[in-house]
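Chemist: Quick one: this structure, given as structure tokens, is what I'll be asking you about.
What follows draws every value from the coordinates through simple rules; no lab data is involved. All figures in this text were calculated on a predicted structure; none of them were measured in a lab. Heads up, the Cβs are rebuilt from the backbone with ideal geometry, glycines too, and the neighbour counts pull from every protein chain shown.
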Amino acid sequence: MPHTLTLVWDRLLACATLTLVWDRLLACATLTLAHRGEPIEYPEAPRVDCMSPPRSAIVIVNPVAGSGYAREIVACFRRRLDLSGVETELAVSSGPDELVRLASRPPTPETVVVVAGGDGTVRHALTALRGRPNPLLILPVGTENLLATQLGLLPDAEALWNTFAFGRVAPLDLATVNGRLFATNVGVGFDAEVVRRVARRRRGHITHFDYFWPLWRTFWQYRFPRVRVVADGGEICDEPALVFVGNIPRYAIGLRILREARWDDGLLDLCIMRCSHQAPLLEHAFWALLNWHVEHRAVIYRKVRRVELQSAQHVLLQSDGDPAGELPAVVEVLPAAMRVLVPPSTPASDARSAG
Ligand SMILES: [Mg+2]
């Protein structure tokens with residue numbers, strides 16, 4: 001009799017497990033199909049201005065960002081400018097303050113400001129160009145180049161020249177976190193801790209490998225503090241969670257955490273992954289790799305204009321891949337805050353699918 005009861009119990013347990021797995025798969029498939037069948041409605045895409053070939057440029061180089069290959073791209077691009085008779089000034093920045101100063105003094109409103117570097121370098125250029133008519137062209141020679149890739153810019157000198165000469169000027173939304181500008185995303189908690197550890201060890205140019213040990217140690221040591229999130233005036237979360245706010249889908253290593261984000265829709269995308277220990281973190285990572293994380297029932301995904309973030313504990317922030325202080329924080333969108341050059345083949349508002 002006890003043997004029979006054990007058998008029945010095992011069968012019931014197996015049935016319950018299979019039902020649970022089937023339910024999760026069905027829920028994911030249903031939500032994904034529903035989402036794909038009813039695309040999110042966006043505001044009308046902003047107008048993209050056509051531009052005659054620029055006559056002058058200031059090329060700002062960050063000697064820390066990029067490898068030897070990156071320096072070769074910059075050299076080829078400069079040669080192309082010289083051969084085409086473009087009036088070019090080369091400026092080497094010794095640090096963030098110097099980069100802001102250099103980018104703030106283009107000789108004419110039409111001068112293209114060309115900045116070579118990764119997302120961290122570009123962030124400093126945004127500070128200088130916010131509200132100015134001068135378009136920015138990014139030479140993507142950093143480690144991640146999230147913004148440049150999203151705009152359709154590739155680390156290829158000839159393609160970059162084509163964008164310079166025949167590209168289009170498009171408005172780009174920016175955002176601030178506690179008054180600090182950013183263009184890609186802000187991360188709260190786990191990824192900010194990884195960024196802090198990488199920044200502490202950084203000695204010049206970094207590669208993806210430099211993230212391995214900081215990521216490994218953070219995974220085992222992180223304590224998942226409670227975070228309160230208020231979006232456009234309404235509280236939507238007050239529990240342990242990873243929070244991402246930003247303007248482009250691309251995140252590190254090809255993940256698309258803010259999957260629906262657009263760089264010119266005048267809105268920020270907010271993704272909250274409710275998560276209190278390592279196991280659900282792995283589950284979120286798994287669904288994010290499949291790009292199905294938004295459908296997970298422990299994820300909140302919204303389009304917002306303003307986000308307030310608070311915690312009773314010590315919670316770090318990162319913006320555009322650099323340390324950005326800690327909570328409390330206010331994140332706000334700045335619609336069409338500056339202008340960027342995008343490739344001629346990249347239509348407005350659809351550049352998000354590039355790369
Ligand atoms: Mg947006």
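Chemist: Taking neighbour counts of Cβ atoms within 10 Å as a proxy for exposure, in what order, fewest first, do C237, C76 appear?
Modeler: Starting with the residue having the fewest Cβ neighbours, the order is C76, C237.
Chemist: Return F166, F286 ranked ascending by Cβ neighbour count within 10 Å, so the fewest neighbours appear first. Mind showing how you got there, number by number?
Modeler: Numbers: F166 15, F286 12.
Least to most surrounded, the residues fall as F286, F166.
Chemist: Within a 10 angstrom radius of the beta carbon, how do I60, I73, I253 rank from fewest other beta carbons to most? Can you show the working numbers first?
Modeler: On the way: I60 25, I73 21, I253 9.
The order, fewest Cβ neighbours first, is I253, I73, I60.
Chemist: What is the magnitude of the charge dipole of the range 219-278 about its Cα centre, with +1 placed on the Cβ of each Lys and Arg, -1 on the Cβ of each Asp and Glu, and no other charges, expressed in debye to the nearest 20? All intermediate terms of the calculation are to be shown ahead of the outcome.
Modeler: Values: 8 positive and 8 negative charges, 72 e Å.
Dipole of the range 219-278, to the nearest 20 debye: 340 debye.
Chemist: Over the range 126-238, how many percent of alpha carbon pairs lie in each 5 Å bin up to the one with the longest distance?
Modeler: Histogramming the range 126-238 at 5 Å steps yields 2, 8, 14, 16, 17, 15, 13, 9, 4, 2, 0 percent.
Chemist: Beta carbons within 10 angstrom, averaged per residue: use that to sort the peptides 192-201, 288-297, highest first. Working shown, then result.
Modeler: On the way: 192-201: 18.8, 288-297: 16.7.
Final packing ranking: 192-201, 288-297.
Chemist: Go from 0 up to the bin containing the longest alpha carbon distance in the range 180-335, width 5 Å each, and give me the % of pairs per bin.
Modeler: P(r) for the range 180-335, in whole percents per bin: 2, 9, 19, 24, 24, 14, 6, 1, 0.
Chemist: Then there is this: Highest mean first, how do 302-310, 118-126, 100-108 rank when packing is the count of other Cβ atoms within 10 Å averaged over residues? List each step's numbers first, then the result.
Modeler: Working: 302-310: 18.9, 118-126: 25.0, 100-108: 16.3.
The packing order, highest mean first, is 118-126, 302-310, 100-108.
Chemist: Specify which residue in the list L267, I248, H284 is farthest towards the positive end of the charge dipole of the range 180-335, using unit charges on the beta carbon of Lys, Arg (+1) and Asp, Glu (-1), about the Cα centre.
Modeler: Ranked along the dipole, the leading option is H284.
Chemist: Taking just the alpha-carbon atoms of the range 282-327, what radius of gyration and Dmax come out, in angstrom?
Modeler: 13.5, 33
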